[in-house]
Amino acid sequence: MAILGINYAPEPTGIAPYTTGLAKGLIDRGHDVRVLTGFPHYPQWRRDKTRSGFRSNEQIDGVPVFRLSHPVPQRLSWRGRAAMEITFGLQLMTSRWGRPEVVVCVTPPLLAATMAAVRARVSWPRPAIGMVVQDLYSRGVTETGAASGLSASAISHIESSALRLADGVAVIHPGFASQLSGHLGVQAHRIRVIRNWTHVPSPDPMSSEAFRASHGWGSDELIILHAGNMGFKQGLENVIAAAELAGRADQRVRFVLLGDGNQRVHLQSMASGIRAIDFLSPVSDEDFPAALGAADVLLVNERPGVAQMAVPSKLTSYFRAGKPILAATDEHGFAAREIRAARAGVLVDPNRPDLLVQEALRLGQDRSRAAQLGEAGGRYCDEVLSAAAAIDSYEDWIVGLAESIRRAGGGKSGKSDAGANARSQNA
């Protein structure tokens, strides 16, 4: 099988860890997997300067990875994003896939996934096509105000068409399934909910203590940490406003923004002179759990109006960290629904930086409640966000796609690599 998606290891956040985990999980179970992906660029939105060339081949944890070149927009714009996606899509259409029995396209990037699905549809023998939906574009352009009217309708039409090209669609949250069936014309029986999983281990207390000390965070300071992408969707101007309020009131509160993104420079400029906020560069995979464990409160912040376009990928790591979560987000959004389901945090209005400070202080003072919320997040990981359960579901879904296309007479004759491997392991 072939997995097509622009984000892959060593990108540390966002979609890459899940596409990487899927490929490695299937390889470990004996399946024949090849990945076609882009060059590392996320979350900093700059191509990794240590990698050059137009195309390259490598092996990552036993997975053959074929990298395809594409531009990376320097400024946040849909035009730049479209150029990147179309270029990557053209690369996918002109690359050798081998003769996979199943092709799994990951969206985002929507335009590239659509182009790949079209190629798969006209190939002979035609592979089964699976689409993995990590974000909803049609909701995203509406909620962020990036498009409206005819432009928004066109994007919705493209997304609907892409998903209906697929033989099956996997979504990461039940709310996505409702959107696909209710608004994008995807038949409900073709949709499978497969949750993203926790890919970060629990923090080691001694490592977290050392991380905290190395950054000069006092034992009497309340550390509120936001980890991950600093993009438009996150609306982190709200956090800077909260830090300014905390600093003005001389409270022992420090907001920490850990990571990178296309809004980082803008945010650092806004935060100039505010002593209650720190910016940290991305840390290694080994140090990331320690960073989460060094905080007192883990922060989710989403721009007002952002509700149902995505589920923040950071939540899976936050739940495993065993810390209380403070979320400045729409109470009806997917992030809020997930935090309520886990009983792992507190929600505040994303338009109220004063409430962000107030609830952070309350969590810092009520250590018993903070511990209860942190423990609930860990339980939710064990019960709902297991990597093994997710790979089980993906394997079953992919094998089912292969078998359905074979029954329909559109695939290769004989046994499928996916189906045959699964049957041999279950024998």
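No lab work stands behind these numbers, since they all come straight from the coordinates. Keep in mind that what you see is a predicted model, and the values were worked out from it rather than measured. For neighbour counting, all protein chains shown are included, and Cβ atoms are generated from backbone atoms with ideal geometry for every residue, glycine included.
Here are the numbers for this structure:
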| item | result |
| --- | --- |
| Sites S207 and R379 - FRET efficiency at Förster radius 30 Å, r taken between beta-carbons, to 0.05 | 0.85 |
| Unit charges at the beta carbon, dipole of the chain: most positive-side option, A408, H332, Q365 | A408 |
| Percent of alpha-carbon pairs separated by more than 22 Å within segment 193-310 | 37 |
| Within segment 242-278: backbone nitrogen closer than 15 Å to the D220 label point (7 Å, Cα to C-beta) | 250-254 |
| Segment 205-381 - convex hull of the alpha-carbon atoms, volume per residue in Å³ | 105 |
| For the chain, radius of gyration divided by Kirkwood radius, i.e. Rg to Rh on alpha-carbons | 0.97 |
| Efficiency of FRET between S69 and Q365 - r from beta-carbon atoms, R0 56 angstrom, step 0.05 | 0.60 |
| Span-like helix ranges in the chain, DSSP H, alpha carbon extent 15 angstrom or more, Kyte mean at least 0.0 | 16-28, 78-94, 110-122, 149-165, 237-248, 353-365, 387-407 |
| Segment 256-347: GluC sites (Glu not before Pro) in DSSP coil with no more than 13 other Cβ atoms inside 10 Å | E286 |
| Among beta bridges that DSSP assigns inside the chain, antiparallel share in %, nearest 5 | 15 |
| Leading residue at positive end of dipole, segment 205-381 (Cβ point charges), from A321, A246, A376 | A376 |
| Length gained when the stretch Q268-D48 is fully extended (0.36 nm per residue, less Cα-Cα span) | 77.0 nm |
